[in-house]
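Visitor: Following this message is one structure expressed as structure tokens.
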């Protein structure tokens, strides 16, 4: 088998010129609603305050800029579990 030369591995300039349309840029997946990324501590406190005031209802009004689904899931998957463990750790009933 013949050895490859580095010139054989370089891309062909003519091949790039023949394809005038570049590949589309990668986009983040969007699942609907506003995708803001990670929750800030201020948003988590706002969600906690909303739930202590209104209970587990009216999620759409919980945190401005976040969807009702984001608020409900963050409460159920993150904050509620942390609070239950903290209260139990302090000797209280959750």
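The values are calculated or read from the model by the stated rules, or taken from the named source; none is laboratory data. What you are looking at is a predicted structure, and each value in this text was computed from that prediction instead of being measured. Here the Cβ is made from the backbone with ideal geometry for all residues, glycine too, and neighbour counts use every protein chain on show.
Visitor: Mind checking which residues of the stretch 55-66 are surrounded by 12 or more Cβ atoms within 10 Å (Cβ to Cβ) and under 14 Å from residue 39 (Cα atoms)?
Guide: Once the filter is applied, which keeps residues that are surrounded by 12 or more Cβ atoms within 10 Å (Cβ to Cβ) and under 14 Å from residue 39 (Cα atoms), the stretch 55-66 yields 62, 63, 66.
Visitor: Being modelled with pLDDT under 90 and either in a loop (DSSP other than H, G, I, E, B) or touching a strand residue (DSSP E or B) at 6+ places or on another chain (Cβ under 6 Å) (or both), is that true of even one residue in the stretch 83-91?
Guide: Initial filter on the stretch 83-91 (modelled with pLDDT under 90): 83-91.
Next, from what is left, pick out any that are either in a loop (DSSP other than H, G, I, E, B) or touching a strand residue (DSSP E or B) at 6+ places or on another chain (Cβ under 6 Å) (or both): 90-91.
Within the stretch 83-91, one or more residues are modelled with pLDDT under 90 and either in a loop (DSSP other than H, G, I, E, B) or touching a strand residue (DSSP E or B) at 6+ places or on another chain (Cβ under 6 Å) (or both).
Visitor: Hey, another quick one. Name the residue that is surrounded by the fewest Cβ atoms within 10 Å (Cβ to Cβ), counting only residues in the stretch 67-82 that are within 11 Å of residue 47 (Cβ to Cβ) and in contact with a helix residue (DSSP H, G or I) (Cβ under 7 Å, 6 or more places away or on another chain).
Guide: My answer is 79.
Visitor: While we're here: Looking at residue 32, is it assigned to a loop (DSSP other than H, G, I, E, B) and at pLDDT 90 or above?
Guide: No, not satisfied.
Visitor: Can you tell me which residues in the stretch 40-53 are closer than 17 Å to residue 83 by Cα and without any contact (Cβ under 8 Å) to a residue 24 or more places away in the chain? Steps first, answer last, please.
Guide: So the first thing to find is which residues in the stretch 40-53 are closer than 17 Å to residue 83 by Cα, and the list is 41-53.
Scanning the stretch 40-53 gives 41, 42, 43, 45, 46, 49, 50, 52, 53.
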